[in-house]
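What follows is a short report on a single structure.
Nothing in this text is a laboratory measurement; each read-out follows from the coordinates by a stated rule. The structure displayed is predicted, hence computed values, not measured ones. A quick note on method: Cβ atoms are made from the backbone with ideal geometry, for glycine too, and the neighbour counts reach across all protein chains shown.
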Protein chains: 2
Amino acid sequence: MKKPNIVILGAGYGGLTTTVKLQKKLGANDAQITLVNKHDYHYEATWLHEVAAGTISPDHARFAIKDVVDLSKVNFVQDTVVSIQPDDNKVILEDGELEYDYLVVALGFEAATFGIPGLSENAFMINNINSSRLLREHIDYNFAMYNNEIEKKQERLNIVVGGGGFTGIEFLGELANRIPELCKEYDIDRDKVRIINVEGAPTILPGFDPQLVEYTLNSLEARGVEFKVGALLKGCTPEGIVIEKDGEQEEIPTFTTVWAAGVRANSLVEQSGLEHNRGKVEVKPDLRAPSHENVFVVGDCALIWNKETERPYPPTAQIAMQEAEVCAHNLATIVKGGDELESFEFNNMGTVASLGHNDAMGVVFGDKKIFGWSASIMKKVIDNRSLFKIGGIGLVLKKGKFNIF
Amino acid sequence: MKKPNIVILGAGYGGLTTTVKLQKKLGANDAQITLVNKHDYHYEATWLHEVAAGTISPDHARFAIKDVVDLSKVNFVQDTVVSIQPDDNKVILEDGELEYDYLVVALGFEAATFGIPGLSENAFMINNINSSRLLREHIDYNFAMYNNEIEKKQERLNIVVGGGGFTGIEFLGELANRIPELCKEYDIDRDKVRIINVEGAPTILPGFDPQLVEYTLNSLEARGVEFKVGALLKGCTPEGIVIEKDGEQEEIPTFTTVWAAGVRANSLVEQSGLEHNRGKVEVKPDLRAPSHENVFVVGDCALIWNKETERPYPPTAQIAMQEAEVCAHNLATIVKGGDELESFEFNNMGTVASLGHNDAMGVVFGDKKIFGWSASIMKKVIDNRSLFKIGGIGLVLKKGKFNIF
């Protein structure tokens, strides 16, 4: 009997967790597992705001796939997916194609710019290692240029962050710590630098507890962040942005606009023949695509409704990894001829947002709110936990975050 | 009796050494000493190639003037000199003017671009802290951009250094060490990066011993530096350069052209009423300007003939500091009413060029050639010696260079 071919697309939180769980559950004779990823490394997408602000090195936020995947069991293909053809059980790659018996789609997110003019061309994104370290270098470069010009350009020192959600706020927290260091390095008066957050909703962190929002505003404003809430971004050029608030437009000159306000599922999902709901596959409880029984979808490409709130679960690493465990279990069951598939149930471990190296806020243990230094310790525990689940204690020791006293 | 006013322009090697020697020789009642400098720090101009390559931090290559100048004896003015008016015993600053009884001109060098089209607009220079750290950031930025573009631009990875003299070679040595680190950080194949030196003379390091030149070529070529000697730079744009060799022109696409091939005295000297020879003041043996008895000139703005070679002494830190000691002695003598002025005699302590962190070459003790690791130790000794002469052992411990084993 021919071994079934399992192909996993993407080595983010969802795809990589599926792979490492599957390689434990299946023997080399049970199935041929192939993992496809654009890079030969996995990156911690939830740490990218630190790379982008320059508070950790890019290398700290990634590790080699071969360090956690057992290459005697898993065939790793470094390539870029071009299209998914579920009716033919086939995936087209830039440098070839793969046939599968079972497919796991874990291709993550991409930025959504909602048609705002100039945004996709001119704004910086915190999407991956390449774009994050480019943003860091861009900020450094503008600070370095500032004192080299006779006519000083304030655009070099204004940094606009579009979006006051989780990513935008975490980036602001890092930036607020990093800017004083940059000012010292490049002989720039801290008071000349503006860090401006633009959020369309009436408050930052929509959906968060008001006390957490208040704490965050205080922490960031104390470090010089300006907030413009209820303000819509109307356009972005290389030289600045236009925002609209209460019917009035304002121009803010800046060479650095960061877009952290919208994500959508990888657009390959929408382009594939899979049935989808605004770009995401509304999976069955066992995480299979309703239109194709042999296709699983996990992470940011999957749509699952939270019955309590009647809203979809947000795209988070925590959810992607929990989905991956269910996906791996169900795949292994099917391959071994079983039919007792698990249903995904979200087990909320809490949410903590970092606000810089020594500050954070969030909710843990169901409803316990935490703030400040102790929350920042908790945040590091959470970050290390995800390393542990994928690569064990060795990976935690190599890439983990620890407070040095 | 009114105390004489001594004004010293520039806190480089010449001006700062004059100041610290003078504050030891004169009491607070002997004279009013004023030091004028654009920044509130002195930088080690001979270390700037390391800042520009990113192998040391800008802060390591500078220290606060107040750390070495006794502010109870010396009045420090942070300002930029606009013009020197020796017929009126006056110096015009951006934010005021100063009258003097005695003046020390120690305004250092600026880049000379010999009218090569596009060079002053488009080439990077290793002239001061601001321009050096900008060059570092520019290189980093292009490496960061490389993998963010679908159409890869080789211009981002080609680095051209114009000039194979002392500064050009020292910069190449640092760059050759830094590039492999950058390649690792930004996931770029080292073989894709080109480091190209363009030198108009038939050999690099004209005037150096052939054995030292040979050693240098071997050391740098082994680390991937390409040399184009006997090649003239004909033009420079933001996208590349044109060189001419043996009557044939070649275009080299690059976003990074570094000009390290020519320096001249600060052009304020030429614009002043001081008698000069191609921009430099041909000082008397006691270092006074022939046209104005109360004006001393030291460092790169002074022209002194080496009688052995019948050529002017080159602009080096070593010579500037030796001149400063004579200048301080003569000024103190005059202020105290003496008339026994010293004549400047160059005491050659040798010349060592660094070729990266662990390599160097040069001549010491008159004619002893040194190479490699031991030469690099000697180079660090020389660097520390200049710190010691200006700021004592405290400054050496704070900013010195040490090999960590």
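Amide H neighbours of A:GLY165 under 5 Å, at least 5 residues apart or on other chains, H built in the peptide plane: list them.
Distant-sequence amide H within range of A:GLY165: A:LEU205.
Along the Cα→Cβ direction, 7 angstrom out, place labels at A:VAL77 and B:ASP59. What is the inter-label distance in nm?
4.9 nm
For the range A:350-405, just say rounded, prolate or oblate: build the C-alpha gyration tensor, square-root its eigenvalues into a ≥ b ≥ c, call rounded for a/c under 1.5, and beyond that prolate if a/b exceeds b/c, oblate if not.
Details: a/c = 2.99, a/b = 1.50, b/c = 1.99.
Since a/c reaches 1.5 but b/c is at least a/b, the shape of the range A:350-405 is classed as oblate.
Averaged across the residues of A:139-145, what count of C-beta atoms belonging to other chains lies within 10 Å of each residue's C-beta?
Values: counts 1, 6, 8, 2, 3, 12, 4.
That average works out to 5.
Search the structure for amide H atoms under 5 Å from the amide H of B:ASN197, placed 1.01 Å from N in the peptide plane, and list their residues when 5 or more places away or on another chain.
Result for B:ASN197 returns B:VAL161, B:GLU226, B:PHE227, B:LYS228.
Nearest 5 is fine: what % of DSSP beta bridges in the protein assembly as shown come out antiparallel, could you say?
Roughly 55 percent of the DSSP beta bridges within the protein assembly as shown come out antiparallel.
Would you mind working out the magnitude of the charge dipole of the range A:119-260 relative to its Cα centre, with +1 at each Lys and Arg C-beta and -1 at each Asp and Glu C-beta, to the nearest 20 Debye?
Values: 14 positive and 24 negative charges, 52 e Å.
Value, rounded to 20: 240 debye.
Just want the answer: with Cβ charges of +1 for Lys and Arg and -1 for Asp and Glu, which residue in B:THR55, A:THR113, A:ASN37 is farthest toward the dipole's positive end in the protein assembly as shown?
B:THR55
By count of other Cβ within 10 Å, fewest leading, how are B:GLU310, B:GLU250 ordered? Spell out each step's value before the answer.
On the way: B:GLU310 7, B:GLU250 13.
Ordered from fewest to most neighbouring Cβ atoms within 10 Å, B:GLU310, B:GLU250 come out as B:GLU310, B:GLU250.
Take the alpha-carbon centre of the range A:67-141, take the same for the range B:1-59, and report the distance between them in whole Å.
Rounded to whole Å, the Cα centres lie 55 Å apart.
Let me check I've understood the local charge: for A:LYS401, count other residues with C-beta under 12 angstrom from its C-beta, Lys and Arg +1, Asp and Glu -1. What total comes out?
On the way: positive: A:LYS379, A:LYS380, A:ARG385, A:LYS398, A:LYS399; negative: A:GLU44, A:GLU50, A:ASP383.
Cβ neighbours under 12 Å give a net charge of +2.
In the Gaussian network model of chain B, springs joining C-alpha atoms below 10 Å, which of B:ALA61, B:ALA222, B:ALA360 carries the largest mean-square fluctuation?
For chain B, modelled as a Gaussian network with Cα springs under 10 Å, the answer is B:ALA222.
At a 10 Å Cβ-Cβ cut-off, how would you order A:ILE195, B:ILE33, fewest neighbours first? It would help to have the intermediate numbers written out before the result.
Working: A:ILE195 21, B:ILE33 27.
Ranking A:ILE195, B:ILE33 by Cβ neighbours within 10 Å, fewest first, gives A:ILE195, B:ILE33.
Of all the residues in chain B, which one has the C-beta that comes nearest the axis relating B to A, and what is the distance in Å?
B:TYR141, 2
At B:GLU121, with labels set 7 Å past Cα in the Cβ direction, how many nm apart are the copies from this one, shortest first?
2.4
Just checking the output field for B:58-66: average partner chain Cβ neighbours within 10 Å of each residue's Cβ?
The shielding value for this peptide is 1.
Under 13 Å from a label point 7 Å along Cα→Cβ of B:ASP95: give me every residue in the range B:15-46 with its amide N that close.
Taking a point 7 Å out along Cα→Cβ of B:ASP95, the residues of the range B:15-46 whose backbone N falls under 13 Å are B:37-40.
With r as the distance between the Cβ atoms of B:LYS234 and A:ASN306 and R0 = 56 Å, compute the FRET efficiency 1/(1 + (r/R0)^6) and round to 0.05. Spell out each step's value before the answer.
Numbers: r = 67 Å, r/R0 = 1.20.
Using R0 = 56 Å, I get an efficiency of 0.25.
How would you rank A:MET349, A:MET125, A:MET145, going from fewest to most other Cβ atoms within 10 Å of each one's own Cβ?
Fewest-to-most ranking of A:MET349, A:MET125, A:MET145: A:MET349, A:MET145, A:MET125.
Can you tell me the Rg and Dmax of the protein assembly as shown, counting just the alpha carbons, in angstroms?
Considering the protein assembly as shown through its Cα atoms, Rg and Dmax are 32.0, 111 Å.
Given the Cα-Cα distance of A:GLU325 and A:LYS38 and 0.36 nm per residue of separation, how much length would full extension add, in nm?
101.1 nm
Which order do peptides B:68-74, A:366-372 fall in by mean Cβ count within 10 Å, highest first?
Ranking the peptides B:68-74, A:366-372 by packing returns B:68-74, A:366-372.
Where does the charge balance sit around A:ASN330 when Lys and Arg score +1, Asp and Glu -1, over other residues with C-beta under 15 Å from its C-beta?
-4
Can you compute the label reach from A:LYS25? Point 7 Å from Cα along the Cβ direction, backbone N cut-off under 12 Å, restricted to the range A:309-348.
A:323-344
Output the relative contact order of the range B:119-261, whole-number percent, from Cα pairs under 8 angstrom with separation of 6+ residues.
Over the range B:119-261, the number comes to 34 percent.
Per residue of the range A:53-69, what does 6.51 cos²θ - 1.76 cosθ + 1.60 with θ = phi - 60° give for ³J(HN,Hα)? Whole Hz please, x for Gly and Pro, Karplus curve as stated.
My calculation for the range A:53-69 gives 7, x, 8, 10, 7, x, 5, 5, 9, 8, 8, 5, 4, 5, 6, 10, 9 Hz in order.
Under the Karplus relation 6.51 cos²θ - 1.76 cosθ + 1.60, θ = phi - 60°, what is the ordered set of whole-Hz ³J(HN,Hα) values for the range B:301-316, x standing for Gly and Pro?
After applying 6.51 cos²θ - 1.76 cosθ + 1.60, I find 8, 9, 10, 10, 8, 7, 5, 5, 9, 6, 10, x, 5, x, x, 10 Hz.
Quick one: which residues, 5 or more positions from A:GLY235 or on another chain, have an amide H under 5 Å from its amide H? H modelled 1.01 Å from N in the peptide plane, none for Pro or chain starts.
Hits under the 5 Å cutoff: A:VAL242.
Which distances, shortest first and in nm, link A:ALA201 to the matching position in the other copies, using label points set 7 Å out along Cα to C-beta?
6.7
About its Cα centre, how strong a charge dipole does the range A:258-386 have in debye, to the nearest 20, once Lys and Arg get +1 and Asp and Glu get -1 at the Cβ?
Details: 13 positive and 17 negative charges, 103 e Å.
Approximately 500 debye in magnitude.
Stokes-Einstein diffusion coefficient for chain B at 10 °C in a medium of 1.306 mPa s, Rh from the Kirkwood formula over Cα pairs: what value in µm²/s? Walk me through the numbers on the way to the answer.
Values: Rh = 22.3 Å.
Answer from the Stokes-Einstein relation: 71 µm²/s.
What's the magnitude of the charge dipole for chain B around its Cα centre, counting Lys and Arg as +1 and Asp and Glu as -1 at the beta-carbon? Answer in Debye, nearest 20. If you can, show how the numbers build up before the last one.
Details: 41 positive and 57 negative charges, 233 e Å.
Once rounded to the nearest 20, the dipole reads 1120 debye.
Please list 3J(HN,Hα) in residue order for the range A:128-143, calculated via the Karplus relation 6.51 cos²θ - 1.76 cosθ + 1.60 where θ = phi - 60°; whole Hz, with x for glycine and proline.
Each residue of the range A:128-143 in turn: 7, 4, 4, 6, 6, 6, 5, 4, 4, 5, 5, 5, 3, 4, 5, 5 Hz.
For B:GLU155, place a label point 7 Å from Cα along the Cα-to-Cβ direction in every copy; what are the distances to the other copies, in nm, shortest first?
Between copies, matching label points for B:GLU155 lie 1.9 nm apart.
So what is the relative contact order for chain B, in percent, with contacts set as C-alpha pairs under 8 Å and at least six apart?
Relative contact order here is 18 percent.
Quickly estimate the mean residue ellipticity at 222 nm for chain A, helices only: each DSSP H run with n ≥ 4 gives -39500 (n - 2.57), and the total goes over all residues, rounded to 500. It would help to have the intermediate numbers written out before the result.
Working: 9 runs with 126 residues, N = 405.
Rounded to the nearest 500, it is -10000 deg cm²/dmol.
Quick one: net charge around A:GLU155, please, counting Lys, Arg +1 and Asp, Glu -1 for every other residue with C-beta under 14 Å from its C-beta. Show your work: numbers first, answer last.
Details: positive: A:LYS152, A:LYS153, A:ARG156, A:LYS192, A:ARG194; negative: A:GLU149, A:GLU151, A:GLU239, A:GLU251.
So the environment of A:GLU155 carries a net charge of +1.
Using a 7 Å offset from Cα along Cα-Cβ at B:ASP367, what residues in the range B:293-310 end up with backbone N under 15 Å from the label point?
Taking a point 7 Å out along Cα→Cβ of B:ASP367, no residue of the range B:293-310 has its backbone N under 15 Å.
For the residue pair A:GLU149 and A:LYS336, what label-to-label distance in nm results when each label sits 7 Å from Cα along the Cα-to-beta-carbon direction?
6.4 nm
With a bin width of 10 angstrom, please list the P(r) values of the range B:119-261 as percents of all Cα-Cα pairs, from the 0 bin to the one holding the largest distance.
Bins of 10 Å from zero give 12, 43, 36, 9, 0 percent of pairs.
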